[in-house]
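Down below is the structure, laid out as structure tokens.
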Amino acid sequence: MRTGQMAAASPLPDIAKDRLLTVDQVAARLSTSTRFPRRLIAERRITFVRVGRNVRIPESALEAFIRAGVVEPITVRKRRVA
């Protein structure tokens, strides 16, 4: 490659095309302190992207994390009294 030429850009993974949220934005969406998203990142429980020294969480990763935690209600049948 000659000087001044840039390498062909490789296609970004879908997650990199997502809107990237800061830790503060994620904490606000989850109604928690910033400590909780930071702990999720430290424990590798959520996908994140490093941008230099900064950490960002893709919006789709946050949605997937929330979806994974959804607990469906149990439908209880009422017994008939005989």
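Values quoted throughout were computed directly from the atomic coordinates according to the rules given, and no laboratory measurement underlies them. Nothing here was measured: the structure is a model prediction, and the numbers come from that model. When we count neighbours, we look across all protein chains shown, and the Cβ atoms used for this are built from the backbone with ideal geometry, even at glycine.
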*Quick one: in region 22-67, what % of C-alpha pairs are over 15 Å apart?*
35 percent
*Which length gain, in nm to one decimal place, applies between T32 and S60 when the Cα-Cα distance is subtracted from 0.36 nm times their residue separation?*
8.2 nm
*In nm, to one decimal, how far is the V70 label point from the R39 one, both placed 7 Å along Cα→Cβ?*
2.4 nm
_Fewest-first sequence of K17, K78 by Cβ atoms within 10 Å of each Cβ_ = K78, K17
